[in-house]
1. In square nanometres and to one decimal, what's the mean projected area of the convex hull around the Cα atoms of region 135-191?
2. Name the long-range amide H neighbours of Gly54: under 5 Å, sequence gap of 5 or more, or other chain; modelled H, no Pro or chain starts.
3. With every protein chain kept in place and ligands, DNA and RNA left out, what is the accessible area per residue of region 125-206? Probe 1.4 Å, answer in Å².
4. If you average the C-alpha positions of region 48-98 and of region 136-178 separately, how far apart do those two centres end up, in angstrom?
5. Expressed as a whole percent, how much of the Cα-Cα distance distribution for region 88-200 exceeds 22 Å?
Amino acid sequence: MRRNLTHVGAWAGLAGLWIVGLVIGLDLGTASAQTSAPQIARPAGNKTAAATSGAGQYYFEFRSRQAWDYGHTFVVFGRVGEVPGKNNVAGLSPKGDDPSMWVMGHYVPVPSDTGWTDGDLEDKYITSRYRVLVSKEQYDRTVAYIRQLQAKSTTWSVEMYNCNAFVADIAKFMGLKAPSSTWIYPKVFVTNMRKINTGHPEAADELVSENVKEMNNPTRDGRAMISAGMIKPDSAPTAGSASPPHVTIGAVRVTNRGANSAAAVEPHTP
């Protein structure tokens, strides 16, 4: 199932999560649905370097990517020097391209997909990465675990089990440390994972401050770039388009703009 990275008609695929910073009361604001959202392009030649640890001819690369809203966390794996394909990607997201799946995932667990999503293999969208080299034996064992995790991860939930939590399970299976919270931006999650596994013990105490900093980053996602005037929508919303939800973090409130009713969800205390 292809999810369109730059068109808001595929809200579920673009959302890769996010309840961001639930414990620190952030407000993400509101956006309007469009049939053709702006492309989220990174400056030419601006590639995110991959910090590498371990040794071996095979790798697992933990990645975050930019998207219309919040971003997405996932893992790419394969043999060093070989170009990865869609089957070499694992990540958790709402199933299919139905926007209602993403909206419902803020209330209750919804059916999930666990593989490739649009943009995962394009460098221009990658915001952070951490590559771990392993032996063939380690690679085979971890890939088997990933396939088992994919098979049993049948639901996606912002609060209960999101893309960060899915990736954290893979990292822990490999003997790596994972960030202490999964309710953070994907870029912060992967960057923090890289730091705490490569000799930066201070990174654990910087998690909240780095998440706040990312929240204020004008190039964080498509909506943030529009708000900062950096890009403009290619077209206006069309009649009958599904409206993206309004998400207020603190007391979490998710509504569909224009709907007759709204739902409120009390904040979760870890």
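The values are calculated or read from the model by the stated rules, or taken from the named source; none is laboratory data. From a predicted model like this one, the values you see are computed outputs, not experimental measurements. Only protein heavy atoms, including side chains, enter the accessible area calculation; ligands, DNA and RNA are left aside. Shrake-Rupley method; radii C 1.70, N 1.55, O 1.52, S 1.80 Å.
1. Dividing the Cα hull surface by four gives the mean projection, 4.3 nm².
2. Those qualifying (amide H under 5 Å, at least 5 residues apart or on another chain) are Leu133.
3. Details: 3480 Å² over 82 residues.
About 42 Å² of surface per residue is accessible.
4. Centre-to-centre distance over Cα atoms comes out at 12 Å.
5. Working: 2241 of 6328 pairs.
Across region 88-200, Cα pairs with separations above 22 Å total 35 percent.
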